[in-house]
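In what follows, a single structure is set out as structure tokens and then discussed.
Here, each number is a calculation from the coordinates, and none is a lab measurement. This structure is a prediction, so every number in the text was calculated from the model and none was measured.
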Amino acid sequence: MTRETCRHEPIAMQSNNETSAPMTDPLSADLMSARLAAIVESSDDAIISKNLHGIVTSWNQGAQRLFGYTADDMIGQPVHRLIPKDRFDEELRILERIRIGQRIDHYETVRQRKDGSLVHISLTVSPITDGKGRIVGASKIARDITERKQAERHLAGLVEGLPAAVFTTDAKGLITHYNQAAVDLWRCRPTSGVPYWCGSWRLTGSDGRLMTEQDCPLRQALAHGRPVHGLEAMIQRQDGTGVPVTLHSTPLRTETGDVFGTVNMLTDLTERKATEQQLHESASELERRIAERTQELLASQERLRALASELTLTEQRERRRLATDLHDYLAQLVVASRLRISQLIPRVGDPAISATLAQVDTMLDQALTYTRSLVAELSPQILYQFGLAKSLLWLGEQMKQHDLRVSVELGCTPFTLADDQAVLLFQSVRELLFNIVKHARTDHATLTVSVDEHQELWICVEDEGVGFDVADLTNPGTPHGKFGLLSIRERMELLGGECELSSASGVGTLVILHMPLTRNATAETVTSQPDSALSPHPSAESQIKTVRVLLVDDHAMVRQGLRSILDSYTDLTVVGEAANGHDAIVMARALHPDVVVMDVNLPLIDGVEATRRIRREHASMTVIGISVRNDPQVKLAMTEAGAADFLPKESAAGQLYDIILRHCPAPS
């Protein structure tokens, strides 16, 4: 037999742990041998066979790549040629186990290549039997694990450098590896293969109770196959000392997912716990001192809050007094003067005097415009006349002058507030809207007012502007209306309510003001309207008159002037007066006048919208528009809304009666 034919000599033999039916067909046996030979020859692993004396009988290409020897070099040679001298005993032990039929699985060892270099391998050895079942040799499969060993050494170096105690176990919980930090923590060096340390430690949990072996994180990781992280416990060493630690235990898995051990890490918490104790003691002392100072500051804060509130209310009362004086005297006198001048101009024959009167009228118009603006800035009369809800509607309209559109949504539940409460809330909303104008970089805001089932008033001011970081409110030097927002919070606390703020860069800002209402605050009431008058029961004289007229103007003196003009005619009767568009709509429903004399510039609802609503509800009702402005656009807006006619206020003295009769003639 040549060496070439002996290269795969053991292929015809069988392992003692394999059974097969005897092959009686020589051709089938040859095919099987050829197939097995091809498999062996193409394997990446080194596959070698030897007899019971350790002489190599077959050698595949994988063996040649691994060890550097060819088949001609090794077949017929003792396998000791591959074994370092200090490991010769391994071969003797392997052959002894093979002779008694034992199989050796995944035995990790070191072998020597042809060039003298050493290689780490994983060795599996199986007995080979002949046709009669006698052991005649052994089959070896060797796999190069050099790269894995290098990775393990690298990982071991990393683990050794960790400041935390790290050790690994097998699937039974027996120690396989550990680092120096583990020895330092435990104060002894364990022997590999002994029970895991947790079995020897006395562990107590964070609650102080002794932890059983089943509760140990390592045992939990092995039993359930999932990691246990961050468990704090106290380790009782064998010398009786205790160490607080954080336990981490993670199961290790094979490529098939089976758990073959655990890796465990313990972090010494001694220094951290000592620091925490010091911090706790310092915090306790600091809390005691803070509590003392807090009581003093709270008392001072309450005094300052009450003083600030009183200053705010005093300021608003003085503003209201000044605004009332301007509105009730100066503004009314200017309007009445314009009305009187409008009556005089047609009667004056001297053109120079007429021109002078026209100039005076223009100056009065400018004075009136400025006066109205000043009154609104000082203290909006609508707040005291019609309450907070309607004043917020008016405020929303006013913000258009500052290029801000405010969508105002009022709830269905009416409510009333004390003047002091209404003033503080109105000022807060006004400041929030002006903050939007100054900082939000948007032209739209939403204002919502409602009363919930718990009798709490909710006011929400929202925009979709640039927003800001709420934390900046406590950052010195940050503008963004910081003082105003903090002041609003103080006001709401004074009212027994709260100010909630939500904002972030790029998503806008939402401010919610809410406060409890008094028990009767939501009772439905009829708002007093000192500038409006109803005449539900006309006198006997008025019943004779046939044309019923409703006057709508926001100035009492103007209404009085118009009424004095109309009262001079026996075929007309003034059945009511309204000071704003909202009241005009309500009174038109209640009084059913024949004619509504409607001013264009009105609070709450302007004359154009009020005309549109009245005409929609009462098609037979005649609306005549009047205004201090004589712009074509004003007349067009009124006529499109449904007004039958339009004239300037200064023309009312000479033309109003004729226009009324033109559109609503009185029966003879």
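Rounded to whole Å and sorted largest first, list the principal axis extents of the Cα atoms in segment 388-516.
Dimensions of segment 388-516 along the principal axes of its Cα atoms: 38, 30, 23 Å.
Which log10 I(q)/I(0) values does segment 362-453 give at q = 0.21 Å⁻¹ under the Debye formula, counting every alpha carbon as one identical point scatterer?
-1.09
Once the Cα atoms of segment 251-311 are picked out, what are the Rg and Dmax in Å?
27.1, 79
To the nearest Å, what is the center-to-center distance of segment 224-260 and segment 588-638, using C-alpha atoms only?
So the two Cα centres are separated by 85 Å.
So for segment 149-268, considering every pair of alpha-carbon atoms, how many percent are separated by more than 21 Å?
Taking all Cα-Cα pairs of segment 149-268, the fraction more than 21 Å apart is 34 percent.
Too long at a 30 Å Cα-Cα cut-off: which of K85/K132; K390/K438; K114/K140?
Checking Cα-Cα distances, K85/K132 exceed 30 Å.
On average, how much area does the Cα convex hull of segment 533-663 cover when viewed from any direction, in nm²?
6.9
In straight Cα distance, which lysines are under 27 Å from K172, not counting same-chain residues fewer than 8 positions off?
K149
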